[in-house]
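The values are calculated or read from the model by the stated rules, or taken from the named source; none is laboratory data. It should be emphasised that the depicted structure is a prediction, and the values quoted were computed from it without experimental measurement. Cβ placement follows ideal geometry from the backbone for every residue including glycine, while neighbour counts extend to all protein chains displayed.
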Amino acid sequence: MKSKRILIVSASIGNGHMQAASAICEELKESTSCNVEIVDFLQVGQFRYPKLNRLQIEFMKLMKSSYYGMLKVAPYVYKEIYKITEKQHTRKVIDFINAANQKTMANLIASYRPHLVICTHPFPLGAASQLRCKKKRDFTLVGVITDFAVHSWWLGDRVDHYFVANEVMARELQEHAISASQITCAGIPVGKSFTPVGEKVRKQVPHVLVMGGGLGFGRMETTLQELEKLPSPIAVTVVAGKNQEFEERARILARTLHNKVTVLPFSPHIATMMKQADLLITKPGGITCSEALAVNLPMILLNPLPGQEEENAYYLNEQGSAIWIQDDREIVGKTAALLFGNQKWLQEMQAKCAEISPEFATSHIVEKISSLADVDRKEAFFASGYWQGVGGQSC
């Protein structure tokens, strides 16, 4: 492929979106001659463009702080907002936020002058879509959806191609007038280190990995206390993410427990931990779950954040690769059945993980992106029917 400039734009709301961007960036640099840059959309105004309108910078900060605040203090407020923005007649709310983000995207495009833009978060994707609508900018625009369901935030009138996790999502996009030729079911991209380990040798003491995402959300202390009630001892590794308060509390709690509990902060060695574990107990973030699928690690899903994580939990539970527990009192029974009961259930879950594994997702995405980058922009086409169908502005 001819050397092209590719800009990957994500957003540091949580860690999953940035991890997906990093996985794609690494693969592009290794397998193509493209010049690839990766940018955090929420920090562009603060660190790359100091002269950017101060209001825009504050708007970015407000979006991020509001998101975290709602999830910690009032998660069901966020759930209601998520539901509202799914409806077509409230599309103008999304349009307003996308329009507010256009200046940041315009500065990025002016600075990097990319041939192709990849977005792993809906904020930059929406801004780039509206920018192309208003300014007729000449670059190919790609969206990589990092959950197992489609939300209206991801839908745009000037997106050339979407990468999704499953066929259900592909059909949903087609219902919004997006052509099947503009959709690739590749899976959610994960790093190269997330590969299956083959048949695992049964350990004398089972090993459970407990995670709450990069931000350490979820009632992980409750999980540790429930695991104490198991009929036999287990080894537990807890990844506290960037939640230092929880990490300190967990270390104190661990000293009072009978199970051997190791507490770790945010770690770059998640792949190794997952390969060593027999079971993962986690909240259902799209990237964490995809990484587990890639190493064929069965999951118990707890405490999903309202909205997309609930949809992730539903999908993975339906697929049989995970068990969604909605009552903490079920943790003991389900964990005991998987680790100390008939091993057939755990093996079946491992097989289900392998069936929907995204092990090759990143390479498939990069292969398709390579062909998209070589397309003459004059040949590009758009799914304008969606916006006209919901009463949005047609370009």
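Would you point out the residue of the range 173-191, among those that are assigned to a strand (DSSP E or B) and of a type in the set (A, V, I, L, M, F, W, C), that is surrounded by the most Cβ atoms within 10 Å (Cβ to Cβ)? Before you say what the answer is, go through the steps one by one.
Taking the range 173-191 as the starting set, the residues that turn out to be assigned to a strand (DSSP E or B) are 183-185.
Right, trim to of a type in the set (A, V, I, L, M, F, W, C) and you get 183, 185.
Values: Ile183: 21, Cys185: 15.
Step by step, filter the range 173-191, then rank; the result is Ile183.
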field: Residues of the range 242-285 classified as modelled with pLDDT under 95, among the acidic types (Asp, Glu) and surrounded by 14 or more Cβ atoms within 10 Å (Cβ to Cβ), total
entry: 1
query: Mind checking which residues of the range 278-325 are more than 17 Å from the chain's Cα centre (by Cα) and over 22 Å from Val197 (Cβ atoms)?
result: Asn317, Glu318, Trp324, Ile325
task: Go through (1) among the polar types (S, T, N, Q); (2) free of Cβ contacts under 8 Å to residues at least 40 places away in the same chain; (3) in a loop (DSSP other than H, G, I, E, B); (4) closer than 19 Å to Asp147 by Cα one by one and return the number of the condition Gln326 breaks.
output: (4)
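For the range 238-263, name all the residues that are within 12 Å of Gly212 (Cα to Cα) and assigned to a strand (DSSP E or B). Working first, answer last.
Taking the range 238-263 as the starting set, the residues that turn out to be within 12 Å of Gly212 (Cα to Cα) are 238-243, 246-247.
The answer is Val238, Val239.
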task: Check the range 195-212 and report whether any residue there is within 22 Å of Ile369 (Cβ to Cβ) and surrounded by 15 or more Cβ atoms within 10 Å (Cβ to Cβ).
output: yes
query: Inside the range 340-395, counting only helices (runs of 4 or more DSSP H) that do not spill past its ends, which hold 1 or more residues that are out of contact with any strand residue (DSSP E or B) (no Cβ under 7 Å at 6 or more places or on another chain) and modelled with pLDDT of 90 or more?
result: 343-355, 361-373
- request: Within the range 267-296, track down each residue that is touching a residue at least 60 places away in the same chain (Cβ under 8 Å) and assigned to a loop (DSSP other than H, G, I, E, B).
  value: Ala277, Asp278, Lys283, Gly285, Val295, Asn296
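Say whether the condition of being within 19 Å of Asn166 (Cβ to Cβ), assigned to a helix (DSSP H, G or I) and among the aromatic types (Phe, Trp, Tyr) is met by at least one residue in the range 301-321.
To start, the set of residues in the range 301-321 that are within 19 Å of Asn166 (Cβ to Cβ) comprises 301, 304, 307-321.
Filter again for assigned to a helix (DSSP H, G or I), leaving 308-319.
Narrowing further to those that are among the aromatic types (Phe, Trp, Tyr): 314-315.
Yes, some residue in the range 301-321 is within 19 Å of Asn166 (Cβ to Cβ), assigned to a helix (DSSP H, G or I) and among the aromatic types (Phe, Trp, Tyr).
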